[in-house]
Amino acid sequence: MDKWNRELLDKYCREYSVGIVGFVSPSEETLVGAQLRDFPLFVHTNLRLRDASLNPGSSVLRLTRAGETAWGALPGDDWAVFQHNHSTYEPVEWAQRNTQEYPADSVGQVQLPLTTVLQDRGQLDGIQRVLFGSSLRFWLHRLVFLDALSYLSHGQLSLSLERMILVDIDDIFVGEKSTRLRPDDVRALIATQKIIAGMVPGFRFNLGFSGKYYHHGTREENLGDDFLLQNVQEFNWFSHMWKHQQPHLYDNLTLLMAEMQLNYAFAKEHNIPTNSGYSISPHHSGVYPAHELLYMAWKQVWNVKVTSTEEYPHLRPARLRRGFIHRNIMVLPRQTCGLFTHTMYIDRYPGGRDKLDESIQGGELFQTIVYNPINIFMTHMSNYGSDRLALYTFQSVIKFLQCWTNLKLASAPPIQLAEMYFHLHPEEVDPVWGNPCDDARHKKIWSKTKNCDSLPKFLVIGPQKTGTTALYTFLSMHGSVASNIPSPDTFEEVQFFNGNNYYRGLDWYMDFFPSETLPNTSSPMPTAVGTPRYMFEKSATYFDGEAVPKRAHALLPHAKIVTILISPAKRAYSWYQHQRAHGDVIANNYSFYQVITASDSAPRALKDLRNRCLNPGKYAQHLEHWLAYYPAQQLHIIDGEQLRLNPIDVMNELQRFLKIQPLLDYSNHLRYDVKKGFYCQAVSEKRNKCLGKSKGRQYPQMDERSAKLLQRYYLNHNTALVKLLKKLGSRPIPQWLKDDLSTGT
Ligand code: A3P
């Protein structure tokens, strides 16, 4: 970094009390006692080290337990160590030269022990630092790094030290013959549970069962089943069943519930508690992508309040797994511990015992618990039979955590964990539905009866009053284009991505786009039954809906987005007239001028109307929001005046943009209707079919005062729109925009 930038950065850090975390980056050149800037601090690089110890007196360490030593060689041969001689410096971690591997004379000047992580209290230049002599490859440095962030941010970047752990054991009674628990395994389970509960208050294994396969093992394993049930009170239990691979069950609520009721009856018969409010489906199917019938059946049969999945939004990367709440069921992210149904013997563990131990001793499993305040682990019955790898894994990782961290481990039933989780992450409550066809695993666990043809290929997003109905009607004339079936609530518009319909879930949305297509009888170009259609949806409120671009993109990342723009002043006035015609009391009691000039202290209903008149017209701002999610090539902007005056060219251009085949020549199908004053569908040589009375209304011209005011009001927004259109390139500036700007200046 050059001197000037360096000084700026230092000034910033001093002024705002911002600390610096530094890493000495590995380099080919070996430094021996090189001084760091003007500080009484020297580095030696490219060393091999061993035995890292944490300074028991370090004030940086919080999560990391001070005073321990990680014995053995440290990873890599490019370590840097710090030599210092001032009270501003305090070692956080030391190590020893790895003399077996590294000849002593080449680092002769370096004093022992060698400082590998160093705290600078900032006495010399007013900036606090924590410097690492190596990358984060060494597992212990990941902990120290978290502590450095917490220390230097004065506690702002830190999590509480509480960690909750729940271990689910799926497939109880389900495992294949010879992979199930025998009475001795159950005894070991109870004994280990006791040991873990000594370290993790409240810990109990959480057993997911399906009674359908009870007594399906060997003689010894059937005794194991019985022994589990004799000790039913020792554990927590949850229902873990339903045949997701069988479409007749999957898509029939009554059958699905009947199957669940069987498991419920089994639980009752064997005194298994049925009130945990938790359930898991095999392979997580139906949880995400959400299958509405599963949620309904769960609620009705088991009163499920919590479930968990590894699949939201995706299995990988695990650190990005999140939760959501759907139909009042809290869905928590679930973690894996590296054990799966087939991992039963240590000598067959993928990568061998070292791999499992690495994960436990500072590796993936250990870090998972360090990073996640609430951990729900998935294991299977088979992990507790044979070599009982799960018992070894959890007991060991918990011991390791106790040895190396100050984390306070505890456990609680799922409902409590879920409440804690959403208290910690209120921003995750709302789901964001992704596209199941963009994730091979999601596609696999989806119902065989669902498919991505039941999703639109493009969206007409509005805004309202720009000619969206005309565009919708013209598009629907095309035999290869089909819109959603009408919504009973909102007529032609589904309004899914906006507002509460989104919470009805993806199944609800897809029902509007049936994949078996009927011939489009209103089309002048009939197509055969079953011809694939270019599906679209028009909801004119999408344009300015706050949450819409993000939600639409999550589900339809490849969709094309079509918007129509007219003069925002004209749009506002049309909306006002629309409200008057619909008998809106406010619109009928206040003049347009009164509405658009209503102050913030005006009655709420008046302010709402004002906002709905004015806000959608801030076009640039809304378009930028869409462009934050969709690339410009997927966005098509229609000049609404052109749509009104010259719809034939507009429709031809739109067909080319959407790559719709075959092209419909609209010049044969649209005709100007003198009486209506608009273009209409030419249904026969003499007869036109126009839009209804509510489109293309007759109303007096906007008053001069309002027109002037709106030109001023939209000046900045319109200027921004011109800029945006120029930036997007190859998009003409509409005449109305030029006019609005010329009179506005
Ligand atoms: P007005 O009724 O204020 O004139 P939307 O369908 O988005 O609600 O937009 C309604 C507007 O579409 C009408 O507003 C009208 O000006 C415009 N429009 C454009 N082409 C039209 C057409 N062919 N027939 C009727 N209205 C059309």
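Among rounded, prolate and oblate, which fits the range 162-428 when a ≥ b ≥ c are the square roots of the eigenvalues of its C-alpha gyration tensor, a/c under 1.5 means rounded, and a/b larger than b/c means prolate? Don't skip to the end; give the middle numbers.
Numbers: a/c = 1.59, a/b = 1.14, b/c = 1.40.
It comes out oblate by the Cα gyration axes.
When DSSP beta bridges are limited to those with both residues in the chain, what percentage is antiparallel, rounded to the nearest 5? Don't skip to the end; give the middle numbers.
Details: 36 of 80 bridges.
Of those bridges, close to 45 percent are antiparallel.
Using +1 at the C-beta of Lys and Arg and -1 at the C-beta of Asp and Glu, which of T597, S279, G323 has the Cα lying farthest in the positive direction of the dipole of the chain?
Positive-most Cα among the choices belongs to T597.
If I take every Cα pair under 8 Å that is 6 or more residues apart in the chain, average their sequence separation and divide by the length, what percent do I get for the relative contact order?
Taking the mean separation of contacting Cα pairs over the length of the chain, I get 9 percent.
No other cysteine beta carbon under 4.7 Å away is the test; run it over the chain and list who passes.
Those would be C13, C337, C403, C613, since no other cysteine Cβ in the chain comes under 4.7 Å of theirs.
Measure out, as a whole number of angstrom, how far apart the alpha-carbon centroids of the range 214-233 and the range 6-57 sit.
Computed from Cα coordinates, the inter-centre distance equals 60 Å.
List the aspartates and glutamates whose Cα sits under 18 Å from the Cα of K570, skipping any in the same chain fewer than 8 residues away.
D544, D639, E641, D703, E704, D739, D740
Mind pulling the angle between the C-alpha long axis of helix 139-152 and the longest principal axis of the chain? Nearest 10 degrees, somewhere in 0 to 90.
For helix 139-152, the angle is close to 60 degrees.
Please compute the contact order of the range 533-677 in relative form: average sequence separation of alpha-carbon pairs under 8 Å and at least six residues apart, divided by the residue count, as a percent.
30
List residues of the range 156-187, by number, whose backbone nitrogen lies under 20 Å from a label position 7 Å along Cα→C-beta of T218.
172-187
Round to a whole angstrom and tell me the spacing of the C-alpha centers of the range 613-669 and the range 187-212.
One Cα centre to the other: 60 Å.
First compute the accessible area of the range 162-428 with a 1.4 Å probe, then give the percent of it belonging to carbon and sulfur atoms.
Whole-percent figure for carbon plus sulfur exposure: 52.
Could you tell me whether the range 334-439 comes out rounded, prolate or oblate from its Cα gyration tensor? Rule is a ≥ b ≥ c as square roots of the eigenvalues, rounded for a/c under 1.5, then prolate if a/b exceeds b/c, otherwise oblate.
Judged from the Cα gyration tensor, the range 334-439 comes out oblate (a/c at least 1.5, b/c at or above a/b).
About the Cα centre of the range 663-745, how large is the charge dipole given +1 on each Lys and Arg Cβ and -1 on each Asp and Glu Cβ? Please answer in debye to the nearest 20.
So the magnitude is around 180 debye.
Taking a ≥ b ≥ c as the square roots of the Cα gyration tensor eigenvalues, with a/c under 1.5 meaning rounded and otherwise prolate when a/b beats b/c, else oblate, which class fits the chain?
Verdict is oblate for the chain.
Among M241, Q335, L401, pick out the residue whose Cα is farthest towards the positive end of the charge dipole of the range 162-428, where Lys and Arg carry +1 and Asp and Glu carry -1 on C-beta, about the Cα centre.
L401
For the pair N328/V429, report the inter-label distance in nm, with labels modelled 7 Å from Cα in the Cβ direction.
Using points 7 Å along Cα→Cβ, the separation is 1.5 nm.
About the Cα centre, and with charges only on the beta carbon of Lys, Arg (+1) and Asp, Glu (-1), how big is the dipole of the chain? Nearest 20 debye, please.
Dipole of the chain, to the nearest 20 debye: 2680 debye.
Please give the net charge around A191, taking every other residue with its beta carbon less than 15 angstrom from that of A191, where Lys and Arg add +1 and Asp and Glu add -1.
Neighbour charge sum, excluding A191 itself: +2.
Given R₀ = 35 Å, what would the calculated FRET efficiency be for Y629 paired with E28, taking r from the Cβ atoms and rounding to 0.05?
It comes to 0.20.
What size of dipole, in debye to the nearest 20, comes out for the range 162-428 about its Cα centre when the only charges are +1 on Lys and Arg C-beta atoms and -1 on Asp and Glu C-beta atoms?
The calculated dipole for the range 162-428 is roughly 280 debye.
Express the accessible area of the chain per residue in Å², computed with a 1.4 Å probe while the remaining protein chains stay in the model.
Result: 46 Å² per residue.
Determine the alpha carbon to alpha carbon distance for each of K457/K618; K305/K444; K607/K726 and list only those over 31 Å. Please list the in-between numbers first.
Numbers: K457/K618 26 Å; K305/K444 25 Å; K607/K726 34 Å.
Going by Cα-Cα distance, K607/K726 fall outside the 31 Å limit.
Listed highest first by mean packing, meaning other Cβ atoms within 10 Å per residue, what order do 416-423, 138-145 come in?
138-145, 416-423
Using the alpha-carbon atoms, what tilt in degrees (0 to 90, nearest 10) does helix 253-269 show relative to the longest principal axis of the chain?
That helix lies at roughly 30 degrees to the long axis.
How much FRET efficiency would the formula 1/(1 + (r/R0)^6) give for R319 and D489, where r is the Cβ-Cβ distance and R0 is 51 Å, rounded to 0.05?
FRET efficiency, R319 to D489: 0.85.
Rounded to the nearest 0.05, what FRET efficiency do D77 and Q230 give with R0 = 56 Å and r taken as the Cβ-Cβ distance? Could you check?
Working: r = 57 Å, r/R0 = 1.02.
Between D77 and Q230 the formula returns 0.45.
Restricted to Cα positions, what overall size does the range 672-715 have along the principal axes? Three whole-Å values, descending.
Ordered largest first, the range 672-715 gives principal extents of 46, 20, 16 Å.
Give the separation of the Cα centroids, the range 381-451 to the range 277-291, in Å.
Cα centroid to Cα centroid, the span is 13 Å.
Work out Dmax and Rg for the range 595-658 from the C-alpha atoms and quote the Rg first, both in angstrom.
Here Rg and the maximum Cα pair distance are 16.8, 49 Å.
Taking 8 Å as the Cα distance limit and 6 or more residues as the minimum spacing, I'd like the relative contact order of the range 162-428 as a percentage.
Reported relative contact order: 27 percent.
The values are calculated or read from the model by the stated rules, or taken from the named source; none is laboratory data. Everything numeric here is computed off the predicted structure, so don't read it as measured data. Because the Cβ atoms are built from the backbone with ideal geometry, glycine has one as well, and the counts that use them run over all protein chains shown. Areas reflect the complete protein model, heavy atoms only, side chains present, ligands, DNA and RNA absent. Shrake-Rupley method; radii C 1.70, N 1.55, O 1.52, S 1.80 Å.
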